[in-house]
1. Write out, first by first residue and then by second, each pair whose Cβ atoms fall under 6 Å of each other, whose residues are 6+ apart or on separate chains, and whose first residue, in segment 32-45, is buried (at least 17 other Cβ atoms within 10 Å of the Cβ) while the second is part of a helix (DSSP H, G or I) and among the β-branched types (Val, Ile, Thr).
2. When the residues of segment 61-77 are filtered to those that are of a type in the set (Gly, Ala, Ser) and in contact (Cβ under 8 Å) with a residue 24 or more places away in the chain, which remaining residue is surrounded by the most Cβ atoms within 10 Å (Cβ to Cβ)?
3. Kindly evaluate Ala113 against the criterion of being part of a helix (DSSP H, G or I), under 30 Å from Asp38 (Cα atoms) and aliphatic (A, V, I, L, M).
4. I'd like the full set of residues that are more than 18 Å from Leu71 (Cα to Cα) and acidic (Asp, Glu), limited to segment 131-184.
5. If I filter segment 113-135 for residues that are crowded, with 20+ Cβ neighbours inside 10 Å, assigned by TED's automatic domain parsing to the domain that holds Cys94 and more than 18 Å from Arg92 (Cα to Cα), do I get at least one hit?
6. Could you list, in sequence order, all residues of segment 28-50 that are modelled with pLDDT under 85 and either under 21 Å from the mean Cα position of the chain (by Cα) or in the same structural domain as Phe164 (by TED's automatic domain parsing) (or both)?
Amino acid sequence: MISPDSSMWCGPRDEMAMLSRIGLPMRVRVFAITDLPDTLDRMKEAAGGDLRFGGWKGFADGALGARTAALSEPYADGPGAGTPRWGVGSHRACAERALELGGSVAIHAIGDAAVDRVLDLFEALRSAGADPSSLRIEHASVIRPDAIVRMAELGVTASVQPAFVRSDGPWLPDRLGPRRLAWAHPFRSMSEAGIPLLGGSDAPVEVPDPWQAMADARTRPYLPGGESLDA
């Protein structure tokens with residue numbers, strides 16, 4: 001993924017063109033991180049060869065570790081309920097443009113309040129005719145049972161990171177409290193509800209080790225085991 005703000009010296013079109021000239025050892029789908037729909041057009045124009053335009057990535061909140069993931073109730077071990085990152089107009093405009101260009105929409109949402117906001121947007125996009133397979137939530141780390149049902153009904157995808165189970169596990173019970181801990185990384189409930197699941201590493205934040213990730217999804221270290229995925 002490339003952010004248009006990642007370089008002081010060149011824009012997204014230049015970055016894409018540079019990568020195309022260098023050559024890539026594999027096919028790469030690039031998602032733009034931007035609040036400007038026009039950026040998506042420029043990245044689409046610059047794509048070519050093994051460098052493909054993937055779509056748009058947005059952010060609805062922060063992280064549980066920093067207590068910036070947006071929750072519907074305050075954190076159990078600190079003040080506040082997180083920091084929403086939601087520009088209603090820009091999020092919808094970028095999502096619509098990405099879909100018009102043949103791309104997908106992926107939005108980072110870790111807390112349950114952020115998941116709700118993303119599902120509101122996805123419901124509006126579905127009502128306008130969007131293909132649900134082009135819509136996904138990145139992480140959905142804390143998601144209530146009612147939101148799982150809603151997500152399944154919308155037919156959108158969840159990209160989950162089993163490595164978070166291990167890295168979050170030691171401190172997550174204190175951060176969420178016992179009631180909400182049952183909402184953390186509920187992989188089995190999501191799968192049984194019919195939500196399409198993708199497994200990601202979140203590298204370089206986490207180590208890109210698929211074998212460890214599969215083990216974490218199965219054993220759920222530090223967290224309740226009722227949400228384990230079978231091998």
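The values are calculated or read from the model by the stated rules, or taken from the named source; none is laboratory data. On a predicted model such as this, the values are computed, not experimentally measured, just so you know. Counting neighbours? That spans all protein chains shown, and the Cβs are built from the backbone with ideal geometry, glycine included.
1. Qualifying pairs under 6 Å: Ala32/Thr39.
2. Across segment 61-77, the extreme among qualifying residues is Ala69.
3. Values: part of a helix (DSSP H, G or I): yes; under 30 Å from Asp38 (Cα atoms): yes; aliphatic (A, V, I, L, M): yes.
In short, yes.
4. Asp131, Glu153
5. no
6. Answer for segment 28-50, where residues must be modelled with pLDDT under 85 and either under 21 Å from the mean Cα position of the chain (by Cα) or in the same structural domain as Phe164 (by TED's automatic domain parsing) (or both): just Val28.
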